[in-house]
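Beneath this line is the structure, given in structure tokens, with notes to follow.
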């Protein structure tokens, strides 16, 4: 007899809301501080920042395009759950970056933008790691 996997909808909703909130906080750091001051965060976002300034392709759109091969790899090699969580996070991050990009930047000073953007993105990353560690203990 196969064991039926129980879905804890409360846990799923909390994880999705945490992912969306984390994407929003990251988008604030990128769109209101780093991107307007021609600063790059690194990784896929860094490559998307470069293409934003070289080819005028919206950063959120470029993040989605670059992540397609990574999504395919995740789906086939890592698992469906990771794929779905990554897809939700990337789509919401891309959406928020493109929406917040239309707002006026908070500062034009590159040093301040680097510090503030780094603090916001660092806060988001530390909060994400903390949530993952707490959820594993339960």
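The values are calculated or read from the model by the stated rules, or taken from the named source; none is laboratory data. Since this is a predicted model, take the numbers as computed values, not measurements. Neighbour counts are summed over all protein chains in view; Cβ atoms, including those assigned to glycine, are modelled from backbone coordinates with ideal geometry.
Worth a mention:
- With respect to being more than 26 Å from residue 14 (Cα to Cα), modelled with pLDDT of 90 or more and assigned to a helix (DSSP H, G or I), residue 30 falls outside the description.
- Evaluation of residue 104 against the conditions (1) at pLDDT 90 or above; (2) in a helix (DSSP H, G or I); (3) under 20 Å from residue 120 (Cβ atoms) shows that the sole unmet condition is (2).
- Residue check, residue 36 surrounded by 11 or more Cβ atoms within 10 Å (Cβ to Cβ) and either at positive phi or assigned to a helix (DSSP H, G or I) (or both): yes
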